[in-house]
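Heads up, the thing below is written out as structure tokens.
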Amino acid sequence: MLHTLKTLFAELYGSSPAIYRAPGRVNLIGEHTDYNDGFVMPAALDLYTYVAVSPRTDRRLQVYSANLTEKCELDLDSIPAGRSGHWSDYVRGVAGVLQSAGYQLRGADLAITSDVPLGSGLSSSAALEVSTAWALLSNSQLSASPTEIAQMCQKSEHVYVETRCGIMDQFISCHGRAGHALMLDCRSLEFELLPIPPDVRLMVCNTMVKHEHASGEYNTRRRECEEGVRLLAEVLPGIHALRDVTLDELEKHRERLNPVIYKRVRHVVSENERVKKAARLLIAGDLAAFGRLMADSHRSLRDDYEVSIAELDLMVELASRQTGVYGARMTGGGLGGSTINLVDADHTEQVRQKLEKDYEGKTGIKPVILICEASDGAGAVAES
Ligand code: GLA
């Protein structure tokens, strides 16, 4: 991969680059809680986006995407805000936000390649944003903390892609640690690294149904949560986000919310409880109980938050029946994408084969099932 990227870079630009990378992620539990100031438990995956970079003397960015075999050019002195729908929005967005935050960027030649499948719910967008930010900053001999980079990348997605995402994906892409999941408090941004027991594997099942049109629904869910906060704050004046609401309070004031908003709020409030319990169970090594919380999380996303689809439900149901599977649920924003199974190490091959066969048998779609390692977050790629 790296050798090919270097060779490609030399052919494109006639120079030798520095290379930066940032991983995709899977979320073990805590879905649609991040933008409600709640809790999430993602792990960075051993699937990365790589950005090769070398400086230019002018103020232009030349960007080549090896996955799409397409080139584009940007002018650092004139970066228009807003979405165009082209993949370069991510690069333009990161450059735009870094510069408005006061980072004086140099012109650069860039080549990008990625193992994170697009639209798979594994956060290819954050991997692209974070690796680009790292490359552009280093190329300009500037630095920012991993948390600042995550926040700037999140902002670029709000302003240039027009998805009002939470902080989870960018944060784990910056802060991931090999062998660990990360329990993040999305309000304080304090986090705890939780070791993943060595005899457990992260099995990521891509349904191959892309979630590319999910951004509108995502923003709608976010507005529904804000509406829930607004209505509940009339009787619970101390609350700022759904993070501040308990299930008892929600039930007590349920008549203030229409049935849809009630369900959305119930998902978020119950999911936050599940993440907190799940963290304790992971520490205690109680994978069976952890898996039951994953099942509850999936049901809540399906029935209350309504972001699952038939293929995700099927993949979860097929996995839940297999010996050696502790838990299964959709992961990421939903409406397509992937599921995550926690699987006993001795059963992974057997489970993978069975799922591939049964899912294809029922849907006619060949899934892609990966056994992943929890990995390190973004950084420079060491010279080999
Ligand atoms: C997407 C967003 C995240 C998060 C998840 C749902 O991945 O980018 O911020 O909201 O959906 O948990």
Checklist outcome for this item: For 26-33, 186-193, ranked highest to lowest by mean beta-carbon neighbours within 10 Å, the order is 26-33, 186-193
Item to check | Degrees separating the helix 348-363 axis from the principal Cα axis of the chain, which is the longest one | outcome: 80 degrees
Item to check | Residues with amide H under 5 Å from that of residue 49, placed H, sequence gap 5 or more | outcome: 22, 24, 115
Next on the checklist: Can you give me the angle between helix 88-100 and the longest principal axis of the chain, using Cα atoms only, in degrees from 0 to 90, rounded to the nearest 10?
Outcome noted: 80 degrees
Item to check | Highest-first arrangement of 247-259, 159-171, 327-339, where packing means the average Cβ count within 10 Å | outcome: 327-339, 159-171, 247-259
Checklist entry - Relative to the longest principal Cα axis of the chain, at what angle does helix 124-139 sit, 0 to 90 degrees, rounded to 10? => result 40 degrees
Checklist entry - Amide H to amide H under 5 Å from residue 373: which residues, 5+ apart in sequence or cross-chain, H placed 1.01 Å off N in plane? => result 46
Checklist entry - Under a GNM of the chain (C-alpha, springs under 10 Å), which listed residue has the highest mean-square fluctuation: 235, 200, 130? => result 235
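Nearest 0.05, what FRET efficiency do residue 366 and residue 210 give at R0 = 22 Å with Cβ-Cβ as r?
Details: r = 14 Å, r/R0 = 0.65.
According to the calculation, E is roughly 0.95.
Can you tell me the FRET efficiency between residue 77 and residue 8 if r is taken as the Cβ-Cβ distance and R0 is 22 Å, rounded to the nearest 0.05? Numbers along the way, then the final one.
Working: r = 28 Å, r/R0 = 1.26.
Efficiency, from the Cβ-Cβ distance: 0.20.
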Checklist outcome for this item: The alpha-carbon pair-distance distribution computed for segment 90-137, with 10 angstrom bins and whole-percent values, is 25, 52, 21, 3
Checklist outcome for this item: The answer for residue 381, listing residues at least 5 apart or on another chain whose modeled amide H is closer than 5 Å to its amide H, is 19, 20, 21
Checklist entry - Expressed as cubic angstrom per residue, what is the convex hull volume of the alpha carbon set of segment 129-230? => result 159 Å³
Checklist entry - Among 86, 49, 152, whose Cα lies farthest out toward the positive end of the dipole of the chain, if unit charges sit on the beta carbon of Lys, Arg (+1) and Asp, Glu (-1)? => result 86
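Across the chain, how many lysine pairs, 8 or more positions apart or on different chains, have C-alpha atoms separated by under 14 Å? Please give the number.
Details: 210/366; 354/362; 354/366; 357/366.
Going through the chain pair by pair, I get 4.
Just so you know, all these numbers are worked out from the coordinates, no wet-lab data involved. Since the model is a prediction, treat every value here as computed from it, not as a measurement. Cβ: placed from backbone, ideal geometry, glycine included. Neighbour counts: every protein chain shown.
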